[in-house]
Amino acid sequence: MCSLRPVIAILFLFAQPVALWPFSQPDSLMRALEAARADEEKLNILVELAAYYAMRGHESTLAVCLETVELSRKLETPSVEVRALLTLGLWRHNKGQYTEAQNHFFRALAIAESQQLPGQLPSIYLNLGLSYQRKYQQDSAYHFYLEAEQVFRQQGSPSEMWKVYNGLFGLFAEKGDPARASAYAHKAFDMVKENGSRAERGFLLFRLMQYFFRSGQFAEMDFFQDKWEEYQAEKRASRELMESPEHIELYLHGREASDSARLQLNRAIAYFDSTGNRYRAGWCYENLADFYLAQEQETQAERAFHAALLRYRQCGAGYRQGRVLHRLYLFNKAKGRFPEALQYLESYQLLADSLAGVEVEKNLDQLKVQYETEQKEQALALKSLELRQRSRERNVFLFSSILFAMLATIVFIGLRQRIAANRKLAKQESQLQEQRIRQLEQEKQLSALHAMIEGQEKERIRVANDLHDSLGGLFFSAKAHFMALDGQTRTTQNKSLFEQTAEIFDKAGVELRRISHNLMPRTLFLLGLQGAVEGLAGQLRTDGLQCRFQCIGLEKAIPEPTAVMLFRIIQELSNNILKHARASNVLIQLIQKDEEIHLILEDDGIGFDLETARQQQSLGLASIESRVSFLSGELDIDTAPGQGTTVVVRAPL
């Protein structure tokens, strides 16, 4: 099945329609490209040239596709950019560079989704499914095949659905699930039979017969070989079929694994002989004969041809007998056994003449039946015409009388509908007005909340600066004066009093710095959010908690209002853990992803009942929710009594 992979990939890639230029060779395309003046004309030629090179695995595919992508961006034609990326992905895929191919497919997917190009999604999903299947990541392949199926159903594209089922058939065949592989094989065939082209039907039948032969599912192989015969016999005479051994190509993979192919063919012969299916057993003997010819085992090949001829005679398969007789004639002629060759040729000619006579008689019978059918149809048409004429005359009067009643009814119904529509419009306008009023009230409340929080933060900064700069300076000056008195007035009696007072000064200084830091940590403005949270984590460790802080992907500068709000949220959650959680371990994570920042804080404490806390209108929870609302973010709290607490905040940057 490996030899079919490039073909499958090409079928998947070109699931979307491609406008072909009137060029077939790269030289003519290159000349047209050089002569083109308008960028739009160049772009169309580049698309055709990229497809030409990709189908042939040419190294120029890379340069042409990259030029196509650049020009399509300049002209703002995302659909062409998607096609160029798909072509480039196919080229990488056929070179075995599946990861690089997936990168191109995912870029195409992002553009198709952002630019709303639903018509290009199916081929992207199909190629992603195939690339993951080649990397043996079967779960991912299954996911993208199902995505392709869903998009096809939404778009109403049954003509392409067979490619999804073909991919799923291959996936479950590789996983060793013959039941599901067989189910999807039948689905794929039913879809391609109804909606696919003749070439697609032939490709699928070829693949299915290979699989069921190799896996030893001979009953299924028998079914699809019948369909293959119908496919081969379309618009062809028995004489042509007698000299056209296309089916023999099915088993030439035996050259790669000769013993396994021979054993499998013998197993198939034994199965069909045991079920009385002489016709299919003869077919397998034909393939066995070609296998022996490929191995230059001519005696065994001749025996296999005679075994096939015997079974075709037993079941009366005329043109199959002619096929074998023609092959035996060619075989003996090549060996120089001319009498035997002449004998087989004469038998072949007699059979061919007989089949030709049967076909002529069959065609005459068909023409006779067709002529009689046409005569009957003409008579019926004349009779039907007379009946229609009478009915028309009778219906004119009925129509005239009914028309007036219908007009009156239409006018009445129209008036009622107009009145109902006016009422409905008035009701909708009233609802819209109420909705606008509610929206304005919500915006007013949100604006007041933002103003209040901003005012609180400004006041915190002012108080923190006053504490640190004014009161802090006065306090440390007082301490310096007191320490200056230490050497002058200390005695044995008051030594202890001096030491106690100095200790009180130290504790008061620490407390003053802590209060100032809590109001507005200077590290938040000096080192940013990461440095401030590091300091808060260190404070939690000082208070006896095992605190881990992880910062992932913070490459973009965080706006100051967002940093302050996130720090306040972490600060409030940390205070709640110290006061109520009775936790031992705390994890703080800051993750920047695309244009969002995620805050995750987990503890292994006693947890709490979230609904009860909300009903009690906890100030801490209300403060956190208001700050998340200020950030236009989302808050998710996962907790229960005895199970710890996880808080997740997502906010845009």
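Quick note: the coordinates plus some simple rules give every number you see, no bench work behind them. Here the structure is a predicted model, which means the values were calculated and not measured. Because the Cβ atoms are built from the backbone with ideal geometry, glycine has one as well, and the counts that use them run over all protein chains shown.
Our coupling estimate for the range 222-230, obtained by passing each phi through the Karplus curve with A = 6.51, B = -1.76, C = 1.60 and θ = phi - 60°, is 4, 4, 6, 5, 4, 5, 5, 5, 4 Hz, Gly and Pro reported as x. As a rough guide to protection, the peptides 564-571, 637-644 ranked by mean Cβ packing within 10 Å, highest first, stand as 564-571, 637-644. According to the calculation over all Cα-Cα pairs in the range 522-652, the P(r) per 5 Å bin from zero is 2, 10, 21, 24, 21, 13, 6, 1 %. With the charge dipole of the range 82-207 set up from +1 on Lys and Arg Cβ and -1 on Asp and Glu Cβ about the Cα centre, the Cα lying farthest toward the positive end among the listed residues A183, V164, L86 is that of L86. The ranking of T87, T275 by Cβ neighbour count inside 10 Å, starting from the fewest, reads T275, T87.
Normalised by the number of residues in the range 522-652, what is the relative contact order in percent for Cα pairs under 8 Å and 6+ residues apart? Spell out each step's value before the answer.
Details: 213 pairs, mean separation 29.4, N = 131.
Reported relative contact order: 22 percent.
Computed over the range 603-653, the P(r) tail beyond 18 angstrom holds 35 percent of alpha carbon pairs. Normalised by 2.2 N^0.38 Å, where N is the number of residues, the C-alpha radius of gyration of the range 157-234 stands at 1.01. In terms of other Cβ atoms within 10 Å, E296, E100, E346, E286 run from fewest to most in the order E296, E346, E100, E286. What does the charge count near L398 come to, summing +1 for each Lys or Arg and -1 for each Asp or Glu among other residues with Cβ under 14 Å from its Cβ? Net of charged neighbours comes to +2. Fewest-first ordering of L146, L545 by other beta carbons within 10 Å of each residue's beta carbon gives L146, L545.
Lys-Lys pairs in the range 87-219 that are eight or more residues apart or on separate chains and whose Cα atoms lie under 20 Å of each other come to 7.
Each residue of the range 194-211 was assigned a 3J(HN,Hα) from its phi angle through the Karplus curve 6.51 cos²θ - 1.76 cosθ + 1.60 (θ = phi - 60°); the sequence is 7, 10, x, 7, 5, 5, 5, 5, x, 4, 5, 4, 4, 5, 5, 5, 4, 5 Hz, with glycine and proline shown as x.
Taking the Cα centre of the range 522-652 as the origin, how large is its charge dipole in debye, to the nearest 20, when only Lys and Arg (+1) and Asp and Glu (-1) carry charge on their Cβ atoms?
On the way: 11 positive and 17 negative charges, 86 e Å.
For the range 522-652, the charge dipole is close to 420 debye.
If R0 is taken as 56 Å, the Cβ-Cβ distance between L587 and A408 corresponds to a FRET efficiency of 0.10.
In a shell of Cβ-Cβ distance under 13 Å around G644, excluding G644 itself, what net charge do Lys and Arg (+1) and Asp and Glu (-1) give? Mind showing how you got there, number by number?
Working: positive: R582; negative: E602, D603, D604, D638.
Neighbour charge sum, excluding G644 itself: -3.
Counting only other residues whose beta carbon sits under 11 Å from that of Q431, what net charge do I get with K and R as +1, D and E as -1? Spelling it out: positives minus negatives among the neighbours equals +2.
Once the chain from S384 to K424 is taken as fully extended at 0.36 nm per residue, the excess over their C-alpha distance is 9.4 nm. Annotation: amide H-H contacts under 5 Å for I597 (H modelled 1.01 Å from N, sequence separation of 5 or more, or interchain): A651, L653. The HN-Hα couplings worked out from phi for the range 261-275 by the Karplus form 6.51 cos²θ - 1.76 cosθ + 1.60 (θ = phi - 60°) are 5, 4, 5, 5, 5, 5, 5, 5, 4, 4, 5, 6, 5, 5, 8 Hz, whole numbers, x standing for Gly and Pro.
Extending 7 Å from Cα along the Cβ direction at E340 and again at I437 yields two label points whose distance is 10.4 nm.
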